Amino acid sequence: MSDSALDNFYQRYIEVLNRHEFDRMVDFVEDHVTLNSMPSTRDEIIAVLSGITDAVPDFQWTTQEVVIDGNRLAARLINTGTPIKEWLGAKPNGNSFRIVEFAVYEVREGRFVHLSSVHDAESLHRQLTG
């Protein structure tokens, strides 16, 4: 996949995430993947995403930067939302959050086979409980 095709693929993925159309993950994620260095499945990723948006229905991912190297890409994203249910140990209180996420992906044959991400959990918790 060319750099521009991979960037286009990733932007479509983010658009689908932001519409919370997780049933479309079949277009982006292999059946069996590595998620944060652990074996996982597309269905497990869908369950995680559904859990997030169940508690935070307005959750959004906004791409800030994307770097492509062959079939790998790295992204810096801004995640935002306002929980309406208890989430990550914080009860909903009307507080919104805005955090940075760093993600790394590997794509083979047009789908993700490896996904890793980190975010500032301490800042997230502080924003939700402060």
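Laboratory data are not the source of any read-out in this text; all were calculated from the coordinates shown. All of these numbers come straight from a predicted model, not from anything done at the bench. We place every Cβ from the backbone using ideal geometry, glycine too, and count neighbours over all the protein chains shown.
Couple of notes before you dig in:
- Assigned charges on the beta-carbon of Lys, Arg, Asp, Glu; the stretch 3-129 dipole about Cα centre (debye): 360 debye
- Secondary-structure-derived ellipticity at 222 nm for the chain, considering helices only, amounts to -9500 deg cm²/dmol, per-run term -39500 (n - 2.57) for DSSP H runs with n ≥ 4.
- In the chain, taking the dipole from charged Cβ atoms about the Cα centre, the farthest positive-side position among 118, 5, 88 is held by 88.
- The stretch 69-85 - phi-based ³J(HN,Hα) in whole Hz, Karplus 6.51/-1.76/1.60, Gly and Pro as x: 9, x, 9, 10, 9, 10, 9, 10, 10, 10, 9, 9, x, 9, x, 10, 10
- Note on 25, 1, 38: ascending count of other Cβ atoms within 10 Å places them as 38, 1, 25, the fewest first.
- Principal-axis tilt of helix 3-18 within the chain, Cα atoms, nearest 10 degrees: 30 degrees
- Rounded to 10°, Cα long-axis angle of helix 42-55 versus longest principal axis of the chain: 30 degrees
- Listed peptides 85-94, 67-76 by packing density, highest first (mean Cβ within 10 Å): 67-76, 85-94
- Matching label, P(r) over Cα pairs in 10 Å bins from 0, in percent computed from the structure shown, candidates [x] 13, 48, 35, 4; [y] 12, 43, 34, 10, 1; [z] 11, 35, 33, 18, 3: [y]
- Under 5 Å, built H, 5+ apart or other chain: amide partners of residue 112: 29, 30
- Selection of trypsin sites (Lys or Arg not before Pro), the stretch 15-47, meeting DSSP coil and at most 16 other Cβ within 10 Å: 19
- Contact order normalised by residue count of the chain, Cα under 8 Å, 6+ apart, percent: 23 percent
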